Amino acid sequence: MTDVNRRRFLQVAGGTAAGSLLSASIARAAEIPASRRTGTLRDIEHVVVLMQENRSFDHYFGTMRGVRGFGDPRPVSRPDGKPVWYQSNGVRDLLPFRPDADNLGLAFIQDLPHGWNDTHAAWNGGAYDKWVPAKGSTTMAYLTRDDIPFHYALADAFTVCDAYHCSFMGSTDPNRYYMWTGHTGNDGTGGGPVLGNDEKGYSWTTYPERLEKAGVSWKVYQDIGDGLDANGSWGWINDAYRGNYGDNSLLYFTAYQNAKPGDPLYDKARTGTNAKAGDGFFDVLKADVKAGKLPQVSWIVAPEAFCEHPNWPVNYGAWYIAQVLNALTANPEVWSKTALFITYDENDGFFDHIVPPYATADKSTVDTTGEIFAGSAKNPAGPYGLGQRVPMLVVSPWSKGGFVCSEVFDHTSIVRFMERRFGVHEPNISPWRRSVCGDLTSAFDFSRTDTKVPALPDTAGYLPPDNKRHPDYVPAVPANPSLPKQERGLRPARPLPYNLSVDAVAAADHLALSFANHGHAGATFHVTSAGAPTTYTVEAGRSLAGVVAVSGKYDVAVHGPNGFLRQFGGNGVGAEVTAVHDHDDVRLVLSNPGRTTVRLTVASAYGHCPRTTHVLRPGARVVETVDTRSGNNWYDITVTADNNTDFHRRLAGHVETGRAGTSDPGIATV
């Protein structure tokens, strides 16, 4: 299967002996202080992107302390009212489960369907209830800290993003096109739109071409396999321990395919190490770092066996990531000016419980052109994205401390970070995506100087014991499933740009919704009711009206970013509640538009204040202010009425103050 034997592989891999402490890579990265010239984004001189393969956020980090994982106190519900954790196989509900394999981080867990059609089938128009029929039972499998300690250690030492989504509901190449070009040819030019791994050759402009024109240095670090041309399958070869697994998607663009030596597109994207001839995977990267020649922008592409794509073991990838960190920190002066983004192109078929933001054409204040596929004979209509959450680790001298950043991001956020830093605009990114997805700058704190070194795991034991492919491990589904336990405790959290409100007024046959965005970033709201789910997108500083048809008893939920929830239940016209954020407070206005007196009870799940009651005569209103400081500026408030058992209003979220805070105290408490 492979022409690199074990001893030779150790040389190719960098000469690492089995007993060495590769985890020292994290320690070294954490020890090196930032280069602080300006205390701003301009202190970053090198941006490095390592995009691995095919894992969802819950699949990796659902049990991690202080992120929105399995302990989420406000999950979306299926149309039948059950939380989306419950996914039916047609006979019974399955829940997320940890496979019972020994040494799960080194298990060859099976690959799952992850194309456009099956992903949209699982998403099911936003109902989000067909994951097992579309993907198989392994979709619900997850790993823990014991299985992948290196990934958890990176998150605990630096910053993890728990609202980072892949860009596209589907496979690898389109997601990587978003990362390298801002879209997947959505406008129909240059060979697009591309919905799968077709690799036919495309001609729209890539971001590296724009960097080149602007004089910003860049490079792709990869192994060439049997050659980075058509005869060498562009680096995608049968030997999984060499090459680039075809993950340098720039090579599917004709400008790169037609480039010759001496052309920057050839020299920077079609060259690399040659493991077959004896090079080490990291020789070129290490040499550039040590010589102070690391480009301003770099992308690193792993061989198949180390990219974490199922069925390849996760911890082969941990070993590879550790080696990347070793190379980048080999020159402390270079690392002190470097930001490394480690993410995953898509979620494979693995379940994630957060319904991704997606565009609905007539329910957005921002243009949704290029975000909705009209459908074809082979592919159903639907939104291009966002796709499911995938892990994103921000590793740099300015992102230390084990923070969580919960702003909504996707792969175009990486491009936008480069836009902000180097001033090179990418016109392919749609207006809707620019509104909803941040630019990753909120994951950094350029005022911090944290040099603490965490306790770290060793990755030396993750070197492959052989250079072979192995059969799939297909985990057995537990007979008596139960919801996984998430690690308890808080995590420091980055400040976010959100300040959102959604209010409702009930009429006999509908609920009138008012969406308002008082913050600095756009937001998409996911609305569920007895009818089909839908979304509303509201730009920063804008508002939008919506209507949900109701008949008698109703229960309408509105989910937004970072745990935001408004839930409206009732039966006919009754009392109403509006809420706005005000400094550290939530200001509630309780009103009674009805004809009879009503007693309203206000209760807080986070213990901000004692339970209070208000007696409102017809036409009366009262203001109650809830101070959120005792709950770290988080709140989860319910309002009920004594004369209508169906009436309830639930208001939950986080009051942003511009200061760093903590993760949601409600996570993992039930």
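The values are calculated or read from the model by the stated rules, or taken from the named source; none is laboratory data. Computed from a prediction, not measured in an experiment: that's the story for all the values here. Cβ: placed from backbone, ideal geometry, glycine included. Neighbour counts: every protein chain shown. These accessible areas exclude ligands, DNA and RNA; they are computed on the full protein's heavy atoms, side chains included. Shrake-Rupley method; radii C 1.70, N 1.55, O 1.52, S 1.80 Å.
Residue-by-condition table, conditions (1) within 30 Å of Ala153 (Cβ to Cβ); (2) buried (at least 23 other Cβ atoms within 10 Å of the Cβ); (3) at pLDDT below 95:
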position	(1), (2), (3)
His425	no, no, no
Arg433	no, yes, no
Val436	no, yes, no
Ser442	yes, no, no
Thr449	yes, no, yes
Lys452	yes, no, yes
Ala455	yes, no, yes
Asp458	yes, no, yes
Gly461	yes, no, yes
note = Considering region 469-488, residues that are in contact with a Phe, Trp or Tyr (Cβ under 7 Å, 6 or more places away or on another chain) and closer than 17 Å to Val132 by Cβ, and then whichever is modelled with the lowest pLDDT, we arrive at Pro481
query = Regarding His520, is this residue touching a helix residue (DSSP H, G or I) at 6+ places or on another chain (Cβ under 9 Å) and either open to solvent by 10 Å² or more (accessible area, probe 1.4 Å) or part of a strand (DSSP E or B) (or both)?
reply = no
remark   = When restricted to Thr601, Thr596, Thr613, Thr669, the only residue assigned to a strand (DSSP E or B) and open to solvent by 50 Å² or more (accessible area, probe 1.4 Å) is Thr613
message = Against the definition (open to solvent by 10 Å² or more (accessible area, probe 1.4 Å), assigned to a loop (DSSP other than H, G, I, E, B) and modelled with pLDDT of 95 or more), how does Glu346 come out, yes or no?
response = no
ask   = Regarding Asp263, is this residue touching a residue at least 60 places away in the same chain (Cβ under 8 Å) and either surrounded by fewer than 20 Cβ atoms within 10 Å (Cβ to Cβ) or over 30 Å from Thr189 (Cα atoms) (or both)?
value = no
message = Name the residue that is least open to solvent (accessible area, probe 1.4 Å), counting only residues in region 616-666 that are over 16 Å from Arg566 (Cβ atoms), touching a residue at least 60 places away in the same chain (Cβ under 8 Å) and of a type in the set (Val, Ile, Thr).
response = Thr662
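Rundown of residues vs (1) closer than 24 Å to Ile354 by Cβ; (2) open to solvent by less than 30 Å² (accessible area, probe 1.4 Å); (3) outside any helix (DSSP H, G or I), yes/no style:
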position: Thr38; (1), (2), (3): no, no, yes
position: Asp58; (1), (2), (3): yes, yes, no
position: Gly69; (1), (2), (3): yes, yes, yes
position: Pro73; (1), (2), (3): yes, no, yes
position: Asp80; (1), (2), (3): yes, no, yes
position: Pro99; (1), (2), (3): yes, yes, yes
position: Asp102; (1), (2), (3): no, no, yes
query = Scanning for something open to solvent by 10 Å² or more (accessible area, probe 1.4 Å), out of contact with any Asp or Glu (no Cβ under 8 Å at 6 or more places or on another chain) and of a type in the set (Ser, Thr, Tyr), does region 386-397 turn up at least one residue?
reply = no
message = Being closer than 22 Å to Arg659 by Cα and among the β-branched types (Val, Ile, Thr) is the filter here; which residues of region 421-443 pass it?
response = Val436, Thr441
key: Only one of Trp123, Trp131, Trp204 that is open to solvent by less than 10 Å² (accessible area, probe 1.4 Å) and either on the phi < 0 side of the Ramachandran plot or not small (Gly, Ala, Ser) (or both)   = Trp131
query = Assuming Ser591 fulfils every condition listed in (1) hydroxyl-bearing (Ser, Thr, Tyr); (2) more than 25 Å from the chain's Cα centre (by Cα); (3) farther than 26 Å from Ser77 by Cβ; (4) surrounded by fewer than 16 Cβ atoms within 10 Å (Cβ to Cβ) apart from one, which condition is it?
reply = (4)
ask   = free of Cβ contacts under 8 Å to residues at least 40 places away in the same chain and either within 20 Å of Val589 (Cβ to Cβ) or surrounded by 14 or more Cβ atoms within 10 Å (Cβ to Cβ) (or both) - does that describe any residue in region 476-485?
value = no
ask   = Taking into account only those residues within region 491-515 that are assigned to a strand (DSSP E or B) and open to solvent by 20 Å² or more (accessible area, probe 1.4 Å), which is farthest from Asn632 (Cα to Cα)?
value = His510
task = Would you point out which residue out of Ser663, Ser591, Ser604 is touching a helix residue (DSSP H, G or I) at 6+ places or on another chain (Cβ under 9 Å) and modelled with pLDDT of 90 or more?
result = Ser604
ask   = Of the residues Gly232, Gly272, which single one is surrounded by 24 or more Cβ atoms within 10 Å (Cβ to Cβ), more than 28 Å from the chain's Cα centre (by Cα) and under 21 Å from Ala305 (Cβ atoms)?
value = Gly272
inquiry  = Can you pull out every residue in region 275-320 that is open to solvent by less than 10 Å² (accessible area, probe 1.4 Å) and among the polar types (S, T, N, Q)?
reply    = Ser298, Asn315
task = Please specify each residue of region 321-335 satisfying the condition of being open to solvent by less than 10 Å² (accessible area, probe 1.4 Å) and either outside any helix (DSSP H, G or I) or farther than 30 Å from Lys213 by Cβ (or both).
result = Ile321, Ala322, Gln323, Leu325, Thr329
inquiry  = Against the condition touching a residue at least 24 places away in the same chain (Cβ under 8 Å), assigned to a loop (DSSP other than H, G, I, E, B) and either buried (at least 19 other Cβ atoms within 10 Å of the Cβ) or of a type outside the set (D, E, K, R) (or both), how does Gly170 come out, does it pass?
reply    = yes
